[in-house]
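The values are calculated or read from the model by the stated rules, or taken from the named source; none is laboratory data. Note that the structure is predicted; figures quoted are calculated from it, not measured. Heads up, the Cβs are rebuilt from the backbone with ideal geometry, glycines too, and the neighbour counts pull from every protein chain shown. SASA here: full protein model, heavy atoms, side chains in, ligands and nucleic acids out. Shrake-Rupley method; radii C 1.70, N 1.55, O 1.52, S 1.80 Å.
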Amino acid sequence: GLSGWASSVDDIPADTITRRFRYDVALVSALKDLEEDIMDGLRERGMEDSTCTSGFSVMIKESCDGMGDVSEKHGGGPIVPEKAVRFSFTVMSVSVLVDEREKEVTIFTEPKPNSEMSCKPLCLMFVDESDHETLTAVLGPIVAERNAMKESRLILSVGGLPRSFRFHFRGTGYDEKMVREMEGLEASGSTYVCTLCDSTRAEASQNMVLHSITRSHDENLDRYEIWRTNPFSESADELRDRVKGVSAKPFMETQPTLDALHCDIGNAAEFYKIFQDEIGEVYQKVNPSREERRSWRAALDKQLRKKLKLKPVMRMNGNYARRLMTQETVEVVCELVPSEERREALRELMRIYLQMKPVWRATCPAKECPDQLCRYSFNSQRFADL
């Protein structure tokens, strides 16, 4: 690592592909930034400052994502790959376990866990996130440091007294593509469609509601071993079915989640298809030609552009998704849908969708939208039925 370099960023040799902080040094720096908050938290909870010197737990959320195109507009600088990846962390909470109490007491919670203000960069790399070999080479030392810190404690002076901290890492800030890469799963085109469970595309389309979370880092590691050793001497297809698409060694422990942005994008992409199918009354046709489908899409795009000033996009993005998924859009699309019954069903779908949406957009659904959270399961089943 290049931590501790006094020189400025501009002094880096031109062929450097990454700069990073040592993980423990970065965590110390982040905790020192929170020193006042931690002391205030202790005071508010009525904990005697001098008695609380050990038993502190820090919850860290880790994030890693590609930053897309970072090439220079006019050249002139060092030649670097035009893609970059950033690995960062957020201090989510600090809690303390005091001897006589049986439960940990939280003394600090990050008020804006999804803001870039609370997100500390640890490592910046000129790497394409699809370049697995380079990515793992650069992130390897981070994994090693993280594993070392899981087992040990940090003694740090906070509020003038040395205090002992333990760190817990949660890799929840990865998008689906990165989770698949880190956990050794097949890429997003795989028949094993989910990063959380073992269902195939066919199973998922039959059963849209009931799934249990069956994938975990340890499970993936076990499956990789089976893939590598093939203990039952099975054919490639049988083996692949047994390991559910885990065919590379899981590299970094993640907790696969679906972030709100990709949730919006995935749903909007699905609705965009539904709108086209309803405009073309696909349910009455046996095998519509590509030309027919293309004409439905053109009609949809034209209508959205005319009535909502919504320009067509090559790939679904967050802003388009948010504009598309509104009651207003459904009304505009319904003008092109011939059957009144189908129009009502579309309106109802969007109504339910808009009731469910706050739950995955909220930072803390139980506090921010308890009513929608209570109805969520019922709504999702009704949604699947429709």
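List of remarks:
- Principal axis dimensions, the chain - Cα atoms, whole angstrom, descending: 74, 57, 50
- Charge tally in the Cβ shell below 14 Å around residue 359, where Lys, Arg are +1 and Asp, Glu are -1, residue 359 excluded: 0
- Using every pair of separate Cα atoms, the Kirkwood estimate puts the hydrodynamic radius of segment 233-316 at 16.8 angstrom.
- Where Rh is the Kirkwood radius over Cα pairs, Rg/Rh for segment 115-186: 1.05
- Formal net charge of residues neighbouring residue 107 (Cβ-Cβ distance under 10 Å; K, R +1; D, E -1): -2
- Length-normalised contact order of the chain in % [C-alpha pairs under 8 Å, at least 6 apart]: 12
- When its C-alpha radius of gyration is set against 2.2 N^0.38 Å (N residues), segment 160-288 gives a value of 1.39.
- For segment 229-277, the Cα gyration tensor yields ellipsoid semi-axes of 35, 18, 6 Å (square root of five times each eigenvalue, largest first, whole Å).
- Segment 289-386: relative contact order as a whole-number percent, Cα under 8 Å and 6+ apart: 18
- Per-residue extension of 0.36 nm, minus the Cα-Cα distance of residue 360 and residue 35, leaves a gain of 113.8 nm for this segment.
- Segment 150-298 - percent of accessible surface contributed by carbon and sulfur, probe 1.4 Å: 52
- Interchain or long-range residues, amide H under 5 Å from residue 67's placed H: 84, 85, 86
- FRET E, pair residue 307, residue 128, Förster distance 30 Å, beta-carbon r, rounded to 0.05: 0.15
- Nearest-ten-degree value, helix 290-308 long axis tilted from longest Cα axis of the chain: 70
- Label-to-label distance for residue 262 and residue 277 is 2.3 nm, based on points extended 7 Å past Cα in the beta-carbon direction.
- Stokes-Einstein D (µm²/s) once Rh is taken as the Kirkwood radius of segment 102-150 over alpha-carbon pairs, at 25 °C in 0.890 mPa s: 175
- Label-point separation, residue 47 to residue 317 (7 Å along Cα→Cβ), nm: 4.5
- Straight-distance crosslink candidates among lysines, where the alpha carbon sits under 23 Å from residue 357 and sequence neighbours closer than 8 are dropped: 112, 177, 273, 367
- Heavy atoms of residue 226: accessible area, 1.4 Å probe, square angstrom to 10: 50
- Applying 1/(1 + (r/R0)^6) with R0 = 56 Å to the Cβ-Cβ distance of residue 82 and residue 225 gives a FRET efficiency near 0.90.
- Computed from Cα atoms, the angle from the helix 23-33 axis to the main principal axis of the chain rounds to 80 degrees.
- Among 251, 274, 122 the positive-end extreme of the charge dipole of the chain (Cβ point charges): 274
- Helix 370-385 axis, angle to the chain major axis (alpha carbon atoms, nearest 10°): 40
- Ligands, DNA and RNA are left out, and with a 1.4 angstrom probe the accessible area of the chain is 57 Å² per residue.
- In summary, the convex hull built on the alpha carbon positions of segment 15-165 has an orientation-averaged projected area of 10.9 nm².
- Orientation-averaged projected area, Cα convex hull of segment 96-241 (nm²): 14.1
- Pair-distance profile P(r), taking every C-alpha pair of segment 278-386, with 5 angstrom steps and integer %: 2, 11, 17, 18, 20, 15, 10, 5, 2, 0
- Calculated [θ] (222 nm, deg cm²/dmol) that DSSP helices of n ≥ 4 give over the chain, each run adding -39,500 (n - 2.57): -14000 deg cm²/dmol
- Cβ-Cβ FRET estimate between residue 233 and residue 137, R0 fixed at 41 Å, reported to 0.05: 0.75
- Of 296, 360, 227, the order by accessible heavy-atom surface (1.4 Å probe, DNA, RNA and ligands excluded), from most exposed downward, is 227, 360, 296.
- Positive contributions from Lys and Arg (+1) and negative ones from Asp and Glu (-1), summed over other residues with Cβ under 12 Å from the Cβ of residue 234, come out at -1.
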